[in-house]
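Asks: Sharing a structure below in structure tokens format, with a few things to ask.
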Amino acid sequence: MNAPTPRADGVNARPPRAEGRGAGLGYADATSTATRPSPTPTPGAHERTRTAPAAPAPRPTSGDGGLPTISGHHDALDGVRAVAALAVLVFHVAASTGYLMRQGAVPSLLSRGEIGVPIFFTLSGLLLYRPWASAALGLRPPPGSGPYLWKRAVRLLPAYWLLVVASTLLYARDHLADAWHWAQTLTLTYSYDRTPWWNDHLGPKGMGQIWSLTVEAAFYVTLPAAAALLGLWARRGGDLDGRARRLLYGVGAYAALSALYVLALGPVDGREFYGNWLPRYLAWFGVGMALAVLSVWANAEHGPDGPVRRFCRTVGASWGMCWTTSALLYCVAATPLTGVSRLYETNVWTSELQLVLYGLVAAFLVAPVALAPASHPVIGRVLGNRTMAYLGRISYGVFLWQFVVIFVWFDVTDHRPFTGNMLIDLPVCTVLTVGVAALSHHLVEEPVRRLGSRLLPRRPAPPAPAPAQATIFASPPGTAPHEAPAPFPGHQETPPNAR
């Protein structure tokens, strides 16, 4: 397939475009939020009560006895996000300098720095779906869609709106009075316009990476409905184990929609346009959602040494093998097996293989962190140290501002498109991007998030249950009712690590 002609502003490159597919989000929340335990459900139409001789024994809490962390802030997951964000930044600098046009192993490996996209999406699926997974397993009420969407909007939009203003002032002044430009960009809906004024499917100059933010936003909006359908399907499973298995089957079907979508796009003209829509990436979100189910299931499993707990401990203890497998799969994905680039699909089968390989890379990277306890010594030292955790917390700013920084640096140094020195440009752009991201985090993102939390109405505390009563959740016909455990400490509708 012929390589595309580079755009005059230095946005296209071979094999990828400089403002291309490399900057996914997946920041379900880069910052910690106030922990608020879930209210204990009050008896209603779906519950009944009975007198119990004694209070039920408490379920194991998150992190006890080597269990996966399912609440509170998890620094190692921030570290994973930092790895993905830095990989994306390296990819974009390499593309902008023309380094990816060279032949050799290193340019080929760097050309798949877009691997940050499935890693980010996997993190979002893991962190945002966890409360709904707990609800589907009968361990807590489902999260409220209104507060959830409010928190997502407060976290996502303010810093992004600042980027829209900055990039328009810098690179699109002719459109300052264009109401349609502002309407599309500010609402993250421009990816559904087949003929935007910038004449490509990624975004205006300085915002080419935002295609993945539009996918992330679509996942946020559709997650409550998808989770509700999965919950209805899981409840027919009866007991905890039956529900969890059905939930995993449902998540698997949800993820398989991506393969069907790619197959359906095969004969369609404009695959690169429709490839920016959520259905193509459900598989990568589904990887994280499956990990969410496993982590919650392990914490709720009966007995001190059930099979799910053993599986989670095995994966956490096998971090070296998992990460090595992830690296080897990444090397395979960097070969022509997955096509020239994700940006320029050659055929359906390379696209399907890329979908699978990238998903496996993300799965083997994230799974040990998601399924190991927060106290895991090696994972904590490697990914949860102060530097990596901080880089993960500011990674949204790294994602947002990297192209503005790269283009400004190229203008200052009078770089022509696809020229430069990676050994000079990469460290300079990295330092500048991290600096701008830190300012964005501390001056915009965190203050607005705290303000948004204060504006969110607080739910009234539920009345304390009678001392001799134990809440019983109704079970499907033909199954025994089960006592509702106390909410896991720190359970909340928006997990702290969620973007």
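Asks: Among the residues of region 317-328, is there at least one that is modelled with pLDDT of 95 or more, within 23 Å of A253 (Cα to Cα) and open to solvent by less than 60 Å² (accessible area, probe 1.4 Å)?
Replies: Within region 317-328, not a single residue is modelled with pLDDT of 95 or more, within 23 Å of A253 (Cα to Cα) and open to solvent by less than 60 Å² (accessible area, probe 1.4 Å).
Asks: Also, I was wondering about something else. What are the residues in region 158-187 that are under 22 Å from V436 (Cα atoms), free of Cβ contacts under 8 Å to residues at least 24 places away in the same chain and in contact with a Leu (Cβ under 8 Å, 6 or more places away or on another chain), if any?
Replies: L169
Asks: Please pick out the residue among R280, R310 that is open to solvent by less than 10 Å² (accessible area, probe 1.4 Å), among the basic types (K, R) and out of contact with any Gly (no Cβ under 9 Å at 6 or more places or on another chain).
Replies: Matching residue, one of R280, R310: R280.
Asks: Does P417 satisfy the criteria of being of a type outside the set (K, R), in a loop (DSSP other than H, G, I, E, B) and touching a Leu at 6+ places or on another chain (Cβ under 8 Å)?
Replies: When the stated conditions are applied, P417 does not pass them.
Asks: A further question follows. Does G206 satisfy the criteria of being out of contact with any strand residue (DSSP E or B) (no Cβ under 9 Å at 6 or more places or on another chain) and over 22 Å from F120 (Cβ atoms)?
Replies: Answer is no for this residue.
Asks: Now a separate question. Could you please give the count of residues in region 246-264 that are open to solvent by 20 Å² or more (accessible area, probe 1.4 Å), over 15 Å from G288 (Cα atoms) and of a type outside the set (D, E, K, R)?
Replies: So the answer is 6.
Asks: Restricting attention to region 185-218, which residues are surrounded by fewer than 24 Cβ atoms within 10 Å (Cβ to Cβ), within 11 Å of L278 (Cβ to Cβ) and of a type in the set (A, V, I, L, M, F, W, C)?
Replies: Result: A217, A218.
Asks: Just a yes or no: is a residue in region 174-184 crowded, with 21+ Cβ neighbours inside 10 Å and among the aliphatic types (A, V, I, L, M)?
Replies: no
Asks: Among residues belonging to region 188-233 that are touching a residue at least 40 places away in the same chain (Cβ under 8 Å) and among the charged types (D, E, K, R), point out the one that is farthest from F403 (Cα to Cα).
Replies: So, considering only residues that are touching a residue at least 40 places away in the same chain (Cβ under 8 Å) and among the charged types (D, E, K, R), the one farthest from F403 (Cα to Cα) is R194.
Asks: From the list P107, P118, P131, pick out the single residue that is in a helix (DSSP H, G or I) and under 16 Å from M422 (Cβ atoms).
Replies: P107
Asks: Working carefully through the options W277, W323, W297, find the one that is over 30 Å from N347 (Cα atoms), out of contact with any strand residue (DSSP E or B) (no Cβ under 6 Å at 6 or more places or on another chain) and aromatic (F, W, Y).
Replies: W297
Asks: If you don't mind, there's one more thing I want to ask. Can you tell me which residue within region 414-458, out of those that are among the hydroxyl-bearing types (S, T, Y) and farther than 18 Å from A95 by Cα, is surrounded by the most Cβ atoms within 10 Å (Cβ to Cβ)? First the steps, then the outcome.
Replies: Here is the first cut: in region 414-458, the residues among the hydroxyl-bearing types (S, T, Y) are 419, 430, 433, 440, 453.
Within this subset, residues satisfying the condition of being farther than 18 Å from A95 by Cα are 440, 453.
Numbers: S440: 21, S453: 17.
In this case the residue turns out to be S440.
Asks: With respect to W409, is the statement that it is touching a Leu at 6+ places or on another chain (Cβ under 9 Å), at negative phi and either surrounded by fewer than 23 Cβ atoms within 10 Å (Cβ to Cβ) or charged (D, E, K, R) (or both) true?
Replies: yes
Asks: Next up: Only one of R236, R271, R243 is among the charged types (D, E, K, R), more than 30 Å from H201 (Cβ to Cβ), crowded, with 16+ Cβ neighbours inside 10 Å and in contact (Cβ under 8 Å) with a residue 40 or more places away in the chain; which?
Replies: R243
Asks: Could we say that P56 is farther than 25 Å from G420 by Cα and either in contact with a strand residue (DSSP E or B) (Cβ under 9 Å, 6 or more places away or on another chain) or at pLDDT 90 or above (or both) here? Reasoning before the result, please.
Replies: Numbers: farther than 25 Å from G420 by Cα: yes; either in contact with a strand residue (DSSP E or B) (Cβ under 9 Å, 6 or more places away or on another chain) or at pLDDT 90 or above (or both): yes.
The answer is yes for P56.
Asks: Taking S71 as meeting all but one of (1) assigned to a helix (DSSP H, G or I); (2) under 24 Å from T222 (Cα atoms); (3) in contact with a Gly (Cβ under 7 Å, 6 or more places away or on another chain), write down the number of the exception.
Replies: Every condition holds for S71 apart from (1).
The values are calculated or read from the model by the stated rules, or taken from the named source; none is laboratory data. As the structure is a computational prediction, the values presented were derived from the model and not from experiment. Positions of Cβ are backbone-derived with ideal geometry, glycine not excepted, and every protein chain shown enters the neighbour counts. Quick note on the areas: whole protein, heavy atoms, side chains included, nothing else; ligands and nucleic acids left out. Shrake-Rupley method; radii C 1.70, N 1.55, O 1.52, S 1.80 Å.
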